[in-house]
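Would you mind keeping the following structure in view while I ask a few things?
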Amino acid sequence: MMYHRFLAPVLVLTLFFFSQVLFGAQVIKITTGYWPPYLAEKMPNQGFMAQIIREAFAAENIEVDYTFLPWSRALAMVKSTDYQASAVWSCTKKRSREFLYSDPILPYHYVFYHRKSEAFDWASFSDLEGMNVGLTQDYSYSNTLAAAIESGLVDADTTTSDVANFKKLLIGRIDLFPMDPVVGEAIIKRQFAVHASSLTFHPKPLRRAFYHLLFEKDSPDANRLKRAFDRGLQTLRRNGRFQQIVEQALAANSSSVAVEVLMQKLINWEATSNPCSPATDDTSSHGEN
């Protein structure tokens, strides 16, 4: 009888702790970088892309813990056991051999920013001959632009930040600066509001791709976490929460022109069954970098 009196509370405690493991929220640790308004440590919800990812996982009872790092380190740290994913990246042939990609989260494209006072139009890279293009250190833009720079068709002026490139564009140090217009308009609105009327962008895309969450391919949890995120993302799309997050963020952080560009892409985009198609976008990351 003493044995049974001792065993009963032990069983209760054991069941309690197992229930916490089985039914409590798991925590996924995700690396990311600075890419406002998508991702930024000090923004509300740490940026609206961070919010989408967080709420998609929450729909699957998984909590998200973000660590903000330089982009190159953010990618490298997914190889460690301390982190399970990195946000957000576009698909490349090289990375698709090492990582699993989530379903597309959001479409994006890069455009060329230029001074509004100087007429600019382009149909092919030959139209850029002799121009000076500002680049941000550690970013990758497109193989086509890289080839144009390597051939000497255009000159490249690389600096350490997007803000520095906008400053150089304003004072005439560079002629063009490639940038996601959602990010570009947010930077102009926050840091160059006085000069906003002096800058514009050409609507022709330099590159098109999707933003994805990236998982270490060799991790035993990678496939399970990817499937959970994809399910949660679909939940947000079906219940209208995804569209609500995007619309609220764009209204707060971007220009009407950039809002229209992205909203049209959201209306018309076609996410294929293959979440990562590197043949269609052999550029680098995220909106990276």
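The values are calculated or read from the model by the stated rules, or taken from the named source; none is laboratory data. Everything numeric in this text was worked out from a predicted model, so none of it was measured. We place every Cβ from the backbone using ideal geometry, glycine too, and count neighbours over all the protein chains shown. What goes into the accessible areas is simple: the full protein's heavy atoms, side chains included, and nothing from ligands, DNA or RNA. Shrake-Rupley method; radii C 1.70, N 1.55, O 1.52, S 1.80 Å.
Using a 1.4 angstrom probe, figure out how much accessible area the range 38-110 has per residue, in square angstrom, rounded to the nearest whole.
Per residue, the range 38-110 has 39 Å² of solvent-accessible surface.
Provide the three semi-axes, in whole Å and in decreasing order, of the ellipsoid equivalent to the range 172-256 as defined by the square roots of 5 times the Cα gyration tensor eigenvalues.
Semi-axis lengths for the range 172-256 are 34, 18, 11 Å.
Quick one: Karplus J couplings for the range 84-96, per residue in order, coefficients 6.51, -1.76, 1.60, θ = phi - 60°, nearest Hz, x for Gly and Pro?
3J(HN,Hα) across the range 84-96, in whole Hz: 10, 7, 9, 10, 10, 9, 8, 8, 10, 4, 5, 5, 5.
Which aspartates and glutamates does LYS168 reach when only Cα atoms under 13 Å apart count, and residues fewer than 8 places away in its own chain are ignored?
ASP157
What's the center-to-center distance, using Cα atoms, between the range 30-106 and the range 126-182 in Å?
If you average the Cα positions of each part, the centres end up 26 Å apart.
With label points built 7 Å along Cα→Cβ from the Cα atoms of MET77 and ARG241, find their separation and express it in nm.
Here the answer is 2.6 nm between the modelled labels.
Let me ask something else. I'd like the projected area of the range 116-244, averaged over all directions, using the convex hull of its alpha carbons. Report it in nm² with one decimal.
So the mean shadow area of the Cα hull is 10.9 nm².
Using only the Cα atoms of the range 101-153, build the gyration tensor, take square roots of its eigenvalues as a ≥ b ≥ c, and label the shape rounded, prolate or oblate: rounded if a/c is under 1.5, else prolate if a/b is larger than b/c, else oblate.
It is prolate, given that a/c is not under 1.5 and a/b is the larger ratio.
Right, next: Let me know the Rg and Dmax you get for the range 225-269 when you use only its Cα atoms, in Å.
Final numbers for Rg and Dmax: 12.3, 36 Å.
Quick one: Cα convex hull volume of the range 19-176, Å³ per residue?
Here the figure is 145 Å³ per residue.
Now, a different point. Identify all lysines with a Cα-Cα distance to LYS204 below 19 Å; exclude those on the same chain that are fewer than 8 residues away in sequence.
Correct list for LYS204: LYS116, LYS265.
By average Cβ neighbour count within 10 Å, what is the ranking of 209-220, 52-63 from highest down?
209-220, 52-63
Right, here's the next one. Hey, any idea what % of the range 22-123's accessible area is carbon plus sulfur with a 1.4 Å probe?
51
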